[in-house]
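See below for the structure under consideration.
All of the numbers you see were taken from the coordinates with simple rules; none came from a lab. Computed from a predicted structure; not experimentally measured. Every residue, glycine among them, receives a Cβ derived from its backbone with ideal geometry; neighbour counts consider all protein chains shown.
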Amino acid sequence: MTEGDVVLRTLGALDLDRAARLHREAFVPMGERGWTRQDIAGLLASPGTTGFLVEAKAGDIGVAIARVAADEAELLTVAVSPRHRRQGAGRRLLAAVIEWAGRAGARTLFLEVGFDNPAARRLYQSLGFAEVGRRAAYYARVEGPPADAIVMRLTLKNEERDARE
Ligand SMILES: CC(C)(COP(=O)(O)OP(=O)(O)OC[C@H]1O[C@@H](n2cnc3c(N)ncnc32)[C@H](O)[C@@H]1OP(=O)(O)O)[C@@H](O)C(=O)NCCC(=O)NCCS
């Protein structure tokens, strides 16, 4: 994956199958249900929701979907293809979500992450997210007991608003 070849753009209505494939590739091996194109279409059609896709000529790399409601935003998912991990795509998707959410007026960005998901927890910590709670047995697993979720929060900057206040 060379930097010049890799593009991040808004997820569109024509990208639903590609986004569903990325989600499935990332989450099914973790014992979770992959989202269908209908699941993703439903989310993107709901108010305040957007997605981002990272792609290269050689194929799709990652996807993220987030929602803003009033002054709170939520990361709904982020998934990077197993073939393209540890090359910065996850960080790049999160940076796009953080910038978008701040511009859309959110003051805080929340997310839930599996207690048993050190890669994602490390990514979020490195971006400044703090752990603010825990939800017991939050993630159903196809096999084994459900996993706890950690709730994480990031305070967002909005230069125009912060200058006014
Ligand atoms: C979590 C995920 C999105 C990270 O994507 P990625 O493109 O590999 O992440 P990046 O390359 O941008 O990594 C950024 C930082 O995250 C941390 N990180 C990412 N993967 C890691 C791993 N396997 N182990 C430890 N830290 C990891 C590191 O701090 C890394 O920085 P570094 O490479 O400079 O050390 C990816 O592993 C994934 O799709 N996992 C399955 C789905 C998932 O768990 N989604 C999140 C659900 S809440």
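Assorted remarks:
- Footprinting exposure proxy ranking of Tyr124, Tyr138, fewest other C-beta atoms within 10 angstrom first, gives Tyr138, Tyr124.
- Ellipticity estimate at 222 nm from DSSP helix runs (n ≥ 4, -39,500 (n - 2.57)) divided over the chain, nearest 500: -9000 deg cm²/dmol
- Cα-Cα P(r), the chain, percent of pairs per 5 Å interval: 1, 9, 17, 20, 22, 18, 8, 3, 1, 0, 0
- Figure legend: label point modelled 7 angstrom from the Cα of Glu99 along Cα→Cβ; residues of region 52-78 with amide N under 14 Å from it are 52-54.
- Within the chain: Cβ-based charge dipole about Cα centre, in debye rounded to nearest 20 (Lys, Arg +1; Asp, Glu -1): 240
- R0 of 35 Å, Cβ-Cβ distance Arg141-Thr108: FRET efficiency to nearest 0.05: 0.75
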